[in-house]
1. How many residues, within the range 52-102, are hydroxyl-bearing (Ser, Thr, Tyr), in contact with a helix residue (DSSP H, G or I) (Cβ under 8 Å, 6 or more places away or on another chain) and assigned to a helix (DSSP H, G or I)?
2. Return the residues of the range 150-189 that are assigned to a loop (DSSP other than H, G, I, E, B), surrounded by fewer than 22 Cβ atoms within 10 Å (Cβ to Cβ) and in contact with a Gly (Cβ under 6 Å, 6 or more places away or on another chain); say none if nothing qualifies.
3. For the range 29-50, enumerate the residues that are out of contact with any Gly (no Cβ under 6 Å at 6 or more places or on another chain), surrounded by fewer than 23 Cβ atoms within 10 Å (Cβ to Cβ) and closer than 22 Å to residue 138 by Cα.
4. Out of (1) under 20 Å from residue 208 (Cα atoms); (2) surrounded by fewer than 18 Cβ atoms within 10 Å (Cβ to Cβ); (3) of a type outside the set (Val, Ile, Thr), the odd one out for residue 14 is which?
5. Would it be correct to say that residue 76 is modelled with pLDDT of 95 or more, surrounded by fewer than 21 Cβ atoms within 10 Å (Cβ to Cβ), charged (D, E, K, R) and within 15 Å of the chain's Cα centre (by Cα)?
6. Got a number for residues in the range 26-43 being polar (S, T, N, Q) and touching a residue at least 24 places away in the same chain (Cβ under 8 Å)?
Amino acid sequence: MSFTTAPRAILFDLDGTLADTAPDLAAAVNRLRTDRGLAPTPYEILRPTASHGARGMIGAAFGMTPEDDGFVALRDAFFSYYENAMMVHSSLFPGIGALLAGIADAGLAWGIVTNKSARFTDPLVPMIGLDHAGCVVSGDTTPHAKPHPAPLLEAARRLGVAPEQCWYVGDDLRDIQGGRAAGMKTIACQWGYCGATEPASWDADHMVDTPETLLTLVLASTGGVTLAA
């Protein structure tokens, strides 16, 4: 599928899209398990839940939901462990640096829209090398988090770009739902965590398997013409 309208901005989810943060998230939840004399949960079980933060990690490691007794205490301890060790093993996915440079070279704006709380986003974004983003909208920036369109619309407002001139790239169903609700073109990135469902079932406007493929799609949409940011 190709898009007939060139974007003016590309918006990205953070965890599982731009940044591979699952190793440090998994380490935090496994510290909770070792604190309790339990064996660590295998990484391959935890990784697909990383886009869902504490809820996903604690659910995978302890089989608990936010409605269960004891969840809040586990969540708060998880937050504390993660906050103090966010950049031990986390990194940008391979190819992300070149993707963002190519987007900027094409004259397009780009930004981040994540459900991660600003408590973690604000320090992580510069540490991981994304502080040149045109905007960063966290999960608590607006009254609603994704899949509600509010954070995506706020990002478009901050960039001074109409929502319909934005593409939103994410690795989770709620990213596609939120982007669609905001009137944006949606891109499912298959290099991310993707949760328990297949991206092919999300009804995204396009699926890409590498950052290089996404950059090719972006540049093809502009027809090779550099646009004003």
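The values are calculated or read from the model by the stated rules, or taken from the named source; none is laboratory data. If you're wondering where the values come from, they're calculated on a predicted model, not measured in any experiment. Note that each Cβ is placed from the backbone with ideal geometry, even for glycine, and that neighbours are counted across all protein chains shown.
1. Going through the range 52-102 one residue at a time, the tally reaches 2.
2. Selection gives nothing.
3. Correct list: 47 only.
4. Status for residue 14: all satisfied but (2).
5. No, not satisfied.
6. Of the residues in the range 26-43, 1 are polar (S, T, N, Q) and touching a residue at least 24 places away in the same chain (Cβ under 8 Å).
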